[in-house]
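The values are calculated or read from the model by the stated rules, or taken from the named source; none is laboratory data. Note that the structure is a prediction, hence the values are computed from the model and not measured. When the accessible area is computed, the model is the full protein with side chains, heavy atoms only, and any ligands, DNA or RNA have been set aside. Shrake-Rupley method; radii C 1.70, N 1.55, O 1.52, S 1.80 Å.
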Amino acid sequence: MMQYLRTASFGALFGVTFTVAATFQVAMTLFGLIGAVLAPGIFKMNGAPASSPVQAIGVLVFLLGVCLVVNAGISAAGAGLWLGVRRFFPSKKA
């Protein structure tokens, strides 16, 4: 694992971090679908509770979209930060 972190490109690091976080977000959205059907009123948009499961699912889709955009930004920042940090690693002797 450490060798991968020492040699991976920005794109590879971004892909790994984005995939891990996006998988969690999609899983939580699927879990949220249960809540949207059973209790749509817990989902609020502009302070007003959803009055139907369809509105609650709309809130979930909106939140998923926003969170994936934020996730991309955080993944890009993290991959860039790691590229900077690994410059200070000692080089491996042959």
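Remark: the stretch 67-83, residue by residue, has Karplus-estimated 3J(HN,Hα) of 5, 5, 5, 4, 4, 4, x, 5, 5, 5, 5, x, 5, x, 4, 5, 4 Hz, where x stands for each Gly or Pro and the curve is 6.51 cos²θ - 1.76 cosθ + 1.60 at θ = phi - 60°.
Roughly how many Å is it from the Cα centre of the stretch 1-25 to that of the stretch 39-94, as a whole number? If you average the Cα positions of each part, the centres end up 15 Å apart.
Computing Rg and Dmax of the Cα atoms in Å directly from the structure and comparing it against (i) 16.8, 54; (ii) 19.1, 66; (iii) 13.9, 44 singles out (ii). Accessible surface for Ser51 stands near 100 Å², nearest 10, in the context of the full protein assembly shown (1.4 Å probe). For Met45, nonlocal amide neighbours, meaning residues 5 or more places apart or on other chains whose placed amide H falls under 5 Å from its own, are Ala50.
Computed 3J(HN,Hα) for the stretch 34-51, one whole-Hz value per residue from the Karplus formula 6.51 cos²θ - 1.76 cosθ + 1.60 where θ = phi - 60°, is 4, x, 5, 7, 7, 8, x, x, 6, 9, 10, 10, 6, x, 9, x, 5, 9, glycine and proline marked x.
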